[in-house]
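Here's the structure, in structure tokens; my notes come after.
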Amino acid sequence: MAGVVEKAPHQGRPSVVSSDKREEVRPAKRNLMWFLRILGPGLVTGAADDDPSGIATYSQTGAQFGFGQLWTSLYQIPLLIAVQECCARIGAVTGKGLAGVIKEHYSRKILVGVVLLVVVANTINIGADIGAVVAALQLVAMAPFWLYAVLTTAIIIALEVWVSYKTYAKVLKWLSVALLAYPATALIVREPWGKILWATFVPHIEFTFAFLFIITGVFGTTISPYMFFWEASQEVEEEIAHDLPMNRAKRPQLPVDFIGNMRIDNAVGMVAAEIAQWFIIMTTATVLFSHGVKNIATAADAAKALEPLVRSFPNSGQLAKDIFAVGVIGLGFLAIPILAGSSSYAMSEALNWKEGLSRRFADARGFYGIIIVSTVAGLAMNFMGVNPIKALVFTAVFNGIAAVPLLYLIARINGSEAILGSQKGGIWSRSIVWITFGVMALAGVALLYTTIMPH
């Protein structure tokens with residue numbers, strides 16, 4: 001590449017100072033290996049969307065309302081793809097995480113409010129997810145709660161803090177395979193496919209507190225703040241891992257196919273997340289709702305409840321329970337570090353600390369310190385009399401409400417030529433992100449109205 005190359009100290013990667021032209025690199029041949037290689041931040045973020053908190057929310061949805069909210073899995077797809085593509089593009093184009101962009105272009109009060117929302121929601125989520133993973137582990141192999149909880153926390157911290165980013169990214173990528181547990185569980189259960197297809201395409205809405213509370217939780221755990229921050233920062237990590245240079249404006253000089261590959265990766269991840277949600281709601285509706293089991297406290301409870309009710313073939317109940325539980329465990333090990341990591345990215349950018357999983361611990365002590373403290377705080381919630389498990393659906397609802405102001409900022413940034421230049425969102429991207437903001441705001445207002453009004 002033409003141009004003198006120097007190190008950009010804030011990112012630790014080369015910066016081109018005499019040329020702003022994008023390097024013309026011939027796109028790679030598109031085959032299966034190419035497809036698997038480009039999957040990364042989008043796939044991992046999509047899989048993390050179905051964390052134990054999300055699984056519990058979707059399970060409660062199916063148990064309480066049957067197929068009544070199955071349609072959300074379909075109609076959330078364009079909203080989720082648009083929002084996460086926007087966040088990924090913001091990170092890729094600016095070379096900064098979402099908090100860094102907000103810090104540069106908005107007031108400190110807005111930045112502090114955004115970071116606090118994310119950190120509070122993530123910490124509660126971490127505690128709930130650790131508890132859910134341990135409960136699922138106990139279904140597979142019984143051992144003391146404290147032992148599983150401490151081991152889970154130690155393994156997650158060790159992998160995230162002391163394993164290199166390139167290796168750790170591969171670990172997260174393979175953990176996303178846990179999403180397959182839910183289609184596998186559904187195949188064991190006899191399903192009324194006619195009713196399922198009708199409920200998938202034809203929306204059903206009830207103007208009751210219980211229905212709107214759960215649907216706000218479904219939207220909140222699907223279109224969730226921690227995902228916004230994580231995927232934006234992971235695109236920056238990918239640029240660092242690929243040693244992309246910086247131009248005169250201190251922005252990444254992206255290869256010609258970078259944005260296109262990012263969009264494919266993002267779409268695959270978000271569609272996979274919604275397919276898993278669809279199967280979870282479908283399975284719990286068929287098995288639990290139809291047998292009068294209408295209250296699920298945890299994802300592990302949902303797995304346990306399947307066992308005596310699934311009778312497709314000998315030992316099918318045990319198999320369904322085990323597969324469902326393994327999915328909870330795998331996605332918990334995927335989502336917990338992402339929750340801690342997104343909090344750390346947000347706080348580190350706000351405090352102007354060195355940050356990034358591509359850095360060594362000695363070079364980013366504050367960044368890794370936040371990861372450790374937030375994960376240990378989540379662990380402590382399970383031993384302090386706080387019941388994070390009961391907070392699962394409430395956390396999802398909180399995320400749904402917290403996402404509204406964040407989506408407003410993201411929509412503003414997405415349409416800003418001053419921030420994104422020629423890579424600002426097109427008409428479809430801008431429209432769908434604003435529609436998502438409107439849908440989330442409407443769900444929050446409807447929930448508030450039904451809370452105030454007698455029910």
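Taken along its three principal axes, the alpha carbon spread of the chain comes to 69, 47, 46 Å, from the longest extent down to the shortest.
For segment 179-256, state which GluC sites (Glu not before Pro) are in a DSSP loop and have at most 15 other beta carbons lying within 10 Å of their beta carbon. Filter output for segment 179-256: 206. To the nearest 10 degrees, how steeply does helix 77-94 sit against the main Cα axis of the chain, on a 0 to 90 scale? The helix 77-94 is inclined about 30 degrees to the chain. First obtain the Kirkwood hydrodynamic radius of segment 142-206 from its Cα pairs, then insert it into the Stokes-Einstein equation at 37 °C and 0.692 mPa s, and state the resulting D in µm² per second as a whole number. Rounded to a whole number, D works out at 206 µm²/s.
Ellipsoid fit via the Cα gyration tensor, segment 302-354: semi-axes of 41, 8, 5 Å, each the root of five times an eigenvalue, largest first.
Using Cβ point charges alone (K and R +1, D and E -1), the dipole size of segment 58-185 about the Cα centre works out to roughly 400 debye. Sequence-ordered 3J(HN,Hα) estimates for segment 222-231 from the Karplus curve with 6.51, -1.76 and 1.60 and θ = phi - 60° stand at 8, 9, 10, x, 4, 5, 4, 6, 5, 5 Hz, glycine and proline given as x. Within the set of other residues whose C-beta is less than 15 Å from the C-beta of residue 406, count the net charge using Lys and Arg as +1 and Asp and Glu as -1. It works out to a net charge of +1.
Using R0 = 35 Å, the C-beta based FRET efficiency linking residue 430 and residue 362 works out to 0.25. About its Cα centre, the chain has a charge dipole of approximately 520 debye under the convention of +1 per Lys or Arg Cβ and -1 per Asp or Glu Cβ, with nothing else charged.
Past the 28 angstrom mark, what percentage of all C-alpha to C-alpha distances in segment 75-233 do you count? I get 41 percent for the Cα pairs in segment 75-233 exceeding 28 Å.
Multiplying the residue separation of residue 442 and residue 309 by 0.36 nm and removing their Cα-Cα distance gives an extension gain of 44.2 nm. With the convex hull drawn around the C-alpha atoms of segment 36-147, the volume per residue stands at 184 Å³. Under 20 Å from a point 7 Å along the Cα-to-Cβ line of residue 193: which residues of segment 282-316 have their amide N that close? Taking a point 7 Å out along Cα→Cβ of residue 193, the residues of segment 282-316 whose backbone N falls under 20 Å are 282-287, 311-313.
Which angle between 0 and 90 degrees, to the nearest 10, do you get for helix 427-452 versus the longest principal axis of the chain when only C-alpha atoms count? Taking Cα atoms only, the helix is inclined about 40 degrees.
The Stokes-Einstein estimate for segment 286-330, based on a Kirkwood radius over Cα pairs and taken at 37 °C with 0.692 mPa s viscosity, is a diffusion coefficient of 310 µm²/s.
Note: segment 252-393, Cα convex hull, 169 Å³ per residue.
Amide H to amide H, with H built 1.01 Å from N, residue 246 comes under 5 Å of 15, 16, 253, counting only residues 5 or more places away or on other chains. Couplings 3J(HN,Hα) of segment 253-267, computed from phi: 8, 7, x, 4, 9, 5, 5, x, 5, 4, 5, 5, 4, 5, 4 Hz, in residue order, whole Hz [Karplus 6.51 cos²θ - 1.76 cosθ + 1.60, θ = phi - 60°; x for Gly and Pro]. Using the alpha-carbon positions of segment 224-304, Rg (one decimal) and Dmax (whole number) come out as 20.0, 64 Å.
Think of the chain as having a plus end and a minus end, set by charges on the Cβ of Lys, Arg, Asp and Glu; of 97, 133, 192, 97 sits farthest toward the positive end of this dipole. With 0.36 nm allotted per residue and the present C-alpha distance subtracted, the residue 142-residue 264 stretch has 39.8 nm of extension available. A protection proxy built from the mean count of other Cβ atoms within 10 Å ranks the segments 115-121, 156-162, most packed first, as 115-121, 156-162.
For segment 322-434, the equivalent ellipsoid built from the Cα gyration tensor has semi-axes of 30, 22, 15 Å, listed from largest to smallest.
No lab work stands behind these numbers, since they all come straight from the coordinates. Predicted model only: the values in this text are computed from it and were never measured. In this analysis, Cβ positions are derived from the backbone assuming ideal geometry, glycine residues included, and neighbour counts consider all displayed protein chains.
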